[in-house]
Amino acid sequence: MKTPKLFISYRRDGGEALAFLLNDRLKQKGYSVFYDIESLHAGKFDQRIFSEIEACDHFVLVLSAGALDRCVNENDWVRWEIAHALKHKKNIVPVMMRGFMFPENLPGELAEISSINGVLFESMSLMDARIEQLITFFSPAESDAVSQNPLLERAFMALEDGEWKQADNFCEQVLNTEPRNAQAYLAKLMAELRVYQKEDLAKLTKPFDDSPHYSKIMRFGDLDFKNEICGYIQEIKNRNEQIRLQNLYASTQTAMENAHTESEFHEAAKRFSELGSYKDAVYLSEKCLEKAETVRKNAIYDTALSMEKNAQTEEDFKKAAELFQKISDYRDSDAFLTKIRRQIEQIKEQSKKEEQRRQQRDIIKKVQPYISEGYWHTVGLQSDGTVVAVGDNYRGVCEVSAWRDIVAVSAGRYHTVGLKSDGTVVAVGNNDSGQCEISAWRDIVAVSAGDYHTVGLQSDGIVRAVGDNRFGQCEVSGWRDIVVISAGRNHTVGLKSDGTVVATKYRSDNGRRYYGQCEVSRWRDIVAVSAGGGHTVGLKSDGTVVAVGNNKNGLSAWRDIVAVSAGNSRTVGLKSDGTVVAVGYNKHGQCEVSGWRDIVAISAGLNHTVGLQSDGTVVAVGNNGRGQCEVLEWKLFKDMKNLDEERKTETAQRKIKDEEQRRLEKWRRERGVCQHCGGSFKGIFTKKCSLCGRTKDY
């Protein structure tokens, strides 16, 4: 008996593995197989292939997913092989792998193969069964005509009438005599499935290969008959697959149209990829991934944009930059990155300047209490704890030479206040309003003298005040958490630790005009305050200045300020470079400070301005009618950088000198001579020193 010759045609990308297995198994079954990898030798490739197709009995066509899509190309080899097999009327047996679908645009010369029955290879685990099924397609064709058995004929007639049970009974009678009658099993299958005509099997919605009647047909039917029945099943599966793909395609299209989030677009892309080469599913899957990426980048971009817009600190800008960096090639992210980098550099520079200003403010806090000026006098604190004063000594306002161990001074209109290192306070000058009644104060860390009142700050942040209260300037008992105080002409201001400011409630019912100098409740981020005659000035941490009252103009342009002082209708500011600026009333030249350099503290009085230099010397401008500007010979300290150590040394030496002076005066008094100079006294009733002219005072 002649050995059947087989030709295996396949697409290398997707079908090669199965083609290799079929070659191996069919050879084991005794078939002569042409498998190009093993069988081709020297010679012209196309002639040898066509010769083998012409010589074969059966043409096995392995159809992997998308195997026929490239057949639209006239030069495609698989197309040529199929067309040659059809031309020579070979028995073509399609072997369809999972995912294969006949394309809608098959060339006309290949259209016939879409109606040829074949074997469905969905799983390698069923390899043996599928090989056996494949071999049945190689068997000689047998007639599938309905037996002339009248009972079988009546069975098919009953099926046409929908008499399912009767048809089944006729089939049973046939099978009693012909148990291998495949047509009888077909009729029973049709009765089971309620099918009128054999061709209607292809119209069923569900494959029927799980029916025992189908198994009998496959067992006893001839090759053509089995191919026909298998073809119906394949039609059902193809149709169902088309419906599944159509439904999945349509639902995925809807999902894509309604998608808004990255995850929704990714899910749509995944579903399109499951469709394989169906329609434009590959293209749409890629579009979904593109849109998902766009949504992702948009979300990052919007978040980064919002963060950049609301950023305040260097860390805020860095977080925004990190997000823009992730999408640096998207929209104008690169431009924003450049902008943010500049902003970060600006913040660093600002932070550096703020730190410098903070350090300078700390220095100023040490030296600011060293100078102060009233209406007609100026007071200076020396590093040894003593005090000097020049100007009009009205009501004894300049009589401070006996003060010792002083750490801060403040000059009012006609009185002077000194803070001692032990937290107590001393005062001299006009006391008509009780502004010098401070002897009972304790635990004081700062003092400030107004026109006719005095204010003291305790270490616990509570404020005390004495003196004139006609305008409410002493009503500070409810203040808490205060770190800086300043007494003006008729009002008092306090800076709180949180950078906000409080002021006394101004009483304007005493005939003096109110200029709004107490409207400071909205101030924030303040680091220093100063109360003047009819206005109040606040220094912000960024070096700018705010003001309320009758002399608030001209300050908005100030920058890089580290200290402020509010005088009578004018404001003086100290810059971080040691220069000074001033605006306001300048009749006496009290604002002529542009030439000052190396200044570390400032004080603005009635009509004159005083500045302390880093070497401890003092400068002054303005009205000098009472000698209040005679400060050029002052040397309050030697070295500002080592001021604390200098103060300790100078204070100790002063105590030694004072003790020596007390001993000398005591010795002179014991001898009956002048305790001040040692001269002898003359006179009977009023004894005066013959050297210094002082009256005997002991």
Long-range neighbours under 7 Å by Cβ, at least six apart or interchain, first residue within 11 Å of residue 192 (Cα to Cα) within the range 204-216, second open to solvent by 70 Å² or more (accessible area, probe 1.4 Å) and modelled with pLDDT of 95 or more: 211/192; 213/192
Residue selected from the range 560-581 under the condition of a type outside the set (S, T, N, Q), free of Cβ contacts under 8 Å to residues at least 60 places away in the same chain and closer than 14 Å to residue 488 by Cβ, by the criterion most open to solvent (accessible area, probe 1.4 Å): 564
Enumeration of residues in the range 102-116 that are within 14 Å of residue 61 (Cα to Cα) and not in a helix (DSSP H, G or I): 102, 116
Cβ-Cβ under 6 Å pairs, at least 6 apart or on other chains, the range 252-273 side over 14 Å from residue 294 (Cα atoms), far side of a type in the set (Val, Ile, Thr) and crowded, with 16+ Cβ neighbours inside 10 Å: 268/252; 271/252; 272/252
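Please find, within the range 48-79, the residue that is farthest from the chain's Cα centre (by Cα) out of those that are under 22 Å from residue 32 (Cα atoms) and open to solvent by 70 Å² or more (accessible area, probe 1.4 Å). Before the answer, list the steps.
First, pick out the residues of the range 48-79 that are under 22 Å from residue 32 (Cα atoms): 48-63, 78.
Now drop any that are not open to solvent by 70 Å² or more (accessible area, probe 1.4 Å), which leaves 48, 54.
Values: 48: 69, 54: 72 Å.
Filtering the range 48-79 for residues that are under 22 Å from residue 32 (Cα atoms) and open to solvent by 70 Å² or more (accessible area, probe 1.4 Å), the one farthest from the chain's Cα centre (by Cα) comes out as 54.
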The one condition in (1) without any contact (Cβ under 8 Å) to a residue 40 or more places away in the chain; (2) in a helix (DSSP H, G or I); (3) not hydroxyl-bearing (Ser, Thr, Tyr) that residue 366 fails to fulfil: (1)
Residue 602, sole failed condition from (1) closer than 16 Å to residue 357 by Cβ; (2) not in a strand (DSSP E or B): (2)
Residues of the range 671-698 classified as touching a residue at least 12 places away in the same chain (Cβ under 8 Å) and either under 60 Å from the mean Cα position of the chain (by Cα) or open to solvent by 80 Å² or more (accessible area, probe 1.4 Å) (or both), total: 4
Any hit, the range 609-629, residues being closer than 30 Å to residue 452 by Cα, charged (D, E, K, R) and surrounded by fewer than 24 Cβ atoms within 10 Å (Cβ to Cβ): yes
Any hit, the range 254-268, residues being under 30 Å from residue 204 (Cβ atoms) and either of a type in the set (Ser, Thr, Tyr) or open to solvent by less than 50 Å² (accessible area, probe 1.4 Å) (or both): yes
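For the range 153-169, name all the residues that are among the aromatic types (Phe, Trp, Tyr) and at pLDDT 95 or above. Full working, then the answer.
Quick first cut of the range 153-169, residues among the aromatic types (Phe, Trp, Tyr) only: 156, 164.
Selection gives 164 alone.
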Residue that is open to solvent by 60 Å² or more (accessible area, probe 1.4 Å) and of a type outside the set (Ser, Thr, Tyr), where the choices are 547, 557: 557
Every residue from the range 144-156 that is surrounded by 13 or more Cβ atoms within 10 Å (Cβ to Cβ) and assigned to a helix (DSSP H, G or I): 151, 152, 153, 154, 155, 156
Matching residues, the range 162-202, being crowded, with 18+ Cβ neighbours inside 10 Å and assigned to a loop (DSSP other than H, G, I, E, B): 181, 195
The range 1-36: number of residues that are small (Gly, Ala, Ser) and assigned to a loop (DSSP other than H, G, I, E, B): 1
Filter result for the condition that a residue is of a type outside the set (Ser, Thr, Tyr), in contact (Cβ under 8 Å) with a residue 40 or more places away in the chain and touching an Asp or Glu at 6+ places or on another chain (Cβ under 8 Å), over 374, 412, 380: 412
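Of the residues 194, 239, 219, only one is in contact with a helix residue (DSSP H, G or I) (Cβ under 7 Å, 6 or more places away or on another chain) and basic (Lys, Arg); which? Show your work before the answer.
On the way: 239 fails: in contact with a helix residue (DSSP H, G or I) (Cβ under 7 Å, 6 or more places away or on another chain); 219 fails: in contact with a helix residue (DSSP H, G or I) (Cβ under 7 Å, 6 or more places away or on another chain).
Testing whether each residue is in contact with a helix residue (DSSP H, G or I) (Cβ under 7 Å, 6 or more places away or on another chain) and basic (Lys, Arg) leaves just 194.
Determine which member of the set 559, 570, 507, 489 is under 40 Å from the mean Cα position of the chain (by Cα) and not polar (S, T, N, Q). If you could, list the steps in order and put the result at the bottom.
Values: 570 fails: under 40 Å from the mean Cα position of the chain (by Cα); 507 fails: under 40 Å from the mean Cα position of the chain (by Cα); 489 fails: under 40 Å from the mean Cα position of the chain (by Cα).
On inspection, the qualifying residue turns out to be 559.
For residues in the range 390-416 being outside any loop (DSSP other than H, G, I, E, B) and open to solvent by 40 Å² or more (accessible area, probe 1.4 Å), which is farthest from residue 533 (Cα to Cα)? Outline the logic, then answer.
Of the residues in the range 390-416, the ones outside any loop (DSSP other than H, G, I, E, B) are 390-391, 394-396, 406-411, 415-416.
Okay, now just the ones that are also open to solvent by 40 Å² or more (accessible area, probe 1.4 Å), so 394-395, 407.
Numbers: 394: 21, 395: 22, 407: 26 Å.
Residue satisfying both the conditions and the ranking: 407.
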Scan of the range 95-112 for residues that are within 60 Å of the chain's Cα centre (by Cα) and either buried (at least 18 other Cβ atoms within 10 Å of the Cβ) or closer than 20 Å to residue 241 by Cβ (or both), ordered by number: 95, 96, 97, 98, 99, 100, 101, 102, 103, 104, 105, 106
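Being under 50 Å from the mean Cα position of the chain (by Cα) and open to solvent by less than 10 Å² (accessible area, probe 1.4 Å): is that true of residue 340 here?
Yes, satisfied.
Looking only at the range 605-634, which residues are more than 21 Å from residue 583 (Cβ to Cβ) and either assigned to a strand (DSSP E or B) or among the basic types (Lys, Arg) (or both)? Even if it seems obvious, please write down each step before you answer.
The first filter runs over the range 605-634 and keeps only residues more than 21 Å from residue 583 (Cβ to Cβ), leaving 613-618, 624-628, 630-634.
Passing the criteria: 613, 617, 618, 626.
Among the residues of the range 117-124, are any part of a loop (DSSP other than H, G, I, E, B) and under 60 Å from the mean Cα position of the chain (by Cα)?
So the first thing to find is which residues in the range 117-124 are part of a loop (DSSP other than H, G, I, E, B), and the list is 117-118, 122-123.
Next cut, under 60 Å from the mean Cα position of the chain (by Cα) only: 122-123.
Yes.
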Among the residues listed as 447, 501, the single one being within 50 Å of the chain's Cα centre (by Cα), of a type in the set (A, V, I, L, M, F, W, C) and closer than 23 Å to residue 405 by Cβ: 447
Residue within the range 582-597 that is assigned to a strand (DSSP E or B), in contact with a strand residue (DSSP E or B) (Cβ under 7 Å, 6 or more places away or on another chain), surrounded by fewer than 23 Cβ atoms within 10 Å (Cβ to Cβ) and β-branched (Val, Ile, Thr) present: yes
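Mind listing whichever residues of the range 543-560 are among the β-branched types (Val, Ile, Thr) and under 13 Å from residue 529 (Cβ atoms)? If you could, list the steps in order and put the result at the bottom.
Narrowing the range 543-560 to residues among the β-branched types (Val, Ile, Thr): 544-546, 548.
Scanning the range 543-560 gives 545, 546, 548.
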Selection within the range 5-47 - more than 22 Å from residue 70 (Cβ to Cβ), out of contact with any strand residue (DSSP E or B) (no Cβ under 6 Å at 6 or more places or on another chain) and either open to solvent by less than 60 Å² (accessible area, probe 1.4 Å) or at pLDDT below 90 (or both): 21, 29, 30, 38, 39, 41, 42, 43, 44, 47
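Can you pull out every residue in the range 479-509 that is farther than 25 Å from residue 365 by Cβ and either among the basic types (Lys, Arg) or open to solvent by 80 Å² or more (accessible area, probe 1.4 Å) (or both)?
Taking the range 479-509 first, the residues farther than 25 Å from residue 365 by Cβ are 490, 505-509.
Once the filter is applied, which keeps residues that are farther than 25 Å from residue 365 by Cβ and either among the basic types (Lys, Arg) or open to solvent by 80 Å² or more (accessible area, probe 1.4 Å) (or both), the range 479-509 yields 505, 507, 509.
The values are calculated or read from the model by the stated rules, or taken from the named source; none is laboratory data. Quick caveat: nothing in here was measured; it's all calculated off a predicted structure. Ideal geometry is used to build each Cβ from the backbone, glycine not excepted, and the neighbour counts take in all protein chains shown. Note: accessible area is taken over every heavy atom of the protein model, side chains too, but ligands, DNA and RNA are not part of it. Shrake-Rupley method; radii C 1.70, N 1.55, O 1.52, S 1.80 Å.
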